[in-house]
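The values are calculated or read from the model by the stated rules, or taken from the named source; none is laboratory data. Because the structure is predicted, anything quoted here is derived from the model rather than measured. Counting neighbours? That spans all protein chains shown, and the Cβs are built from the backbone with ideal geometry, glycine included.
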Amino acid sequence: MKEPLDIPDIETNEEPSVPKKQLQISLLLELIPLALLAVGLLMSYRGNQNWRLVFSLGAVLTAIVFLVNNWILLWQENYKNLEIVLSVFSSLFFLIAIYAIYLQFFHLEQAHFWSRIGRVIGLILLLGTALGFLLRLSKPGFTAFYRRLLARLLVVFAVLIKGLF
């Protein structure tokens with residue numbers, strides 16, 4: 001199945017370095033916390049009192065799963081310096097997001113500060129990843145890395161924008 005951003009003239013017939021079953025497990029592990037996020041948002045719009053707990057649990061689990069998958073993805077492929085830097089900084093962003101969500105959930109005074117730091121770092125990473133994606137668009141194997149990283153960054157960034165306030 002072709003992705004919308006795959007370029008037909010540079011496709012390769014090489015075997016993927018990540019087994020299909022491992023990709024399916026990884027996808028399932030990413031969908032479970034995302035479902036918790038969606039349920040938490042739905043509960044907040046319906047006025048349920050427990051939406052903060054479900055949303056926070058989903059947000060923290062999402063960031064943790066993204067962090068682990070980010071490191072696995074980085075070490076399974078042979079990427080260049082830009083991809084390594086983006087992967088390391090996005091992992092740090094996920095950790096900051098986890099901390100900011102934790103602080104927001106317990107209404108601690110530093111929550112606003114860490115949320116703002118996370119939003120700034122997230123925006124810089126989104127722009128850097130989009131630029132890297134455009135620069136590496138014609139190189140096989142790199143588009144999948146950038147699509148996955150952009151999707152993960154957007155989800156965690158959206159959670160920080162939504163916040164718990």
Q) Hey, any hits in the stretch 70-83 for a residue that's in contact with a helix residue (DSSP H, G or I) (Cβ under 8 Å, 6 or more places away or on another chain), crowded, with 20+ Cβ neighbours inside 10 Å and over 17 Å from Ala144 (Cα atoms)? A) no
**Q.** Matching residues, the stretch 113-147, being surrounded by fewer than 17 Cβ atoms within 10 Å (Cβ to Cβ), at pLDDT below 90 and not hydroxyl-bearing (Ser, Thr, Tyr)
**A.** Leu135, Leu137, Lys139, Pro140, Gly141, Ala144, Arg147
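In this structure, is Ile32 modelled with pLDDT under 85 and surrounded by 12 or more Cβ atoms within 10 Å (Cβ to Cβ)?
Working: modelled with pLDDT under 85: no; surrounded by 12 or more Cβ atoms within 10 Å (Cβ to Cβ): yes.
No: the conditions fail for Ile32.
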Q) Of all the residues that make up the stretch 39-59, how many are surrounded by fewer than 17 Cβ atoms within 10 Å (Cβ to Cβ) and either outside any helix (DSSP H, G or I) or modelled with pLDDT of 85 or more (or both)? A) 8
**Q.** Considering residues of the stretch 115-147 that are among the basic types (Lys, Arg) and not in a loop (DSSP other than H, G, I, E, B) only, the residue farthest from Val88 (Cα to Cα)
**A.** Arg116
Q) What do you reckon, is Leu160 farther than 20 Å from Ser26 by Cβ and under 14 Å from the mean Cα position of the chain (by Cα)? A) yes
Q: Pairs only if they're at least six apart or on different chains, beta carbon under 6 angstrom, first in the stretch 71-86 and within 16 Å of Gly128 (Cα to Cα), second modelled with pLDDT under 70; list them, first residue then second.
A: none
Q) Are any residues in the stretch 89-133 free of Cβ contacts under 8 Å to residues at least 60 places away in the same chain, under 12 Å from Val156 (Cα atoms) and among the small types (Gly, Ala, Ser), and if so, which ones? A) Ser91, Ser115, Gly118, Gly122
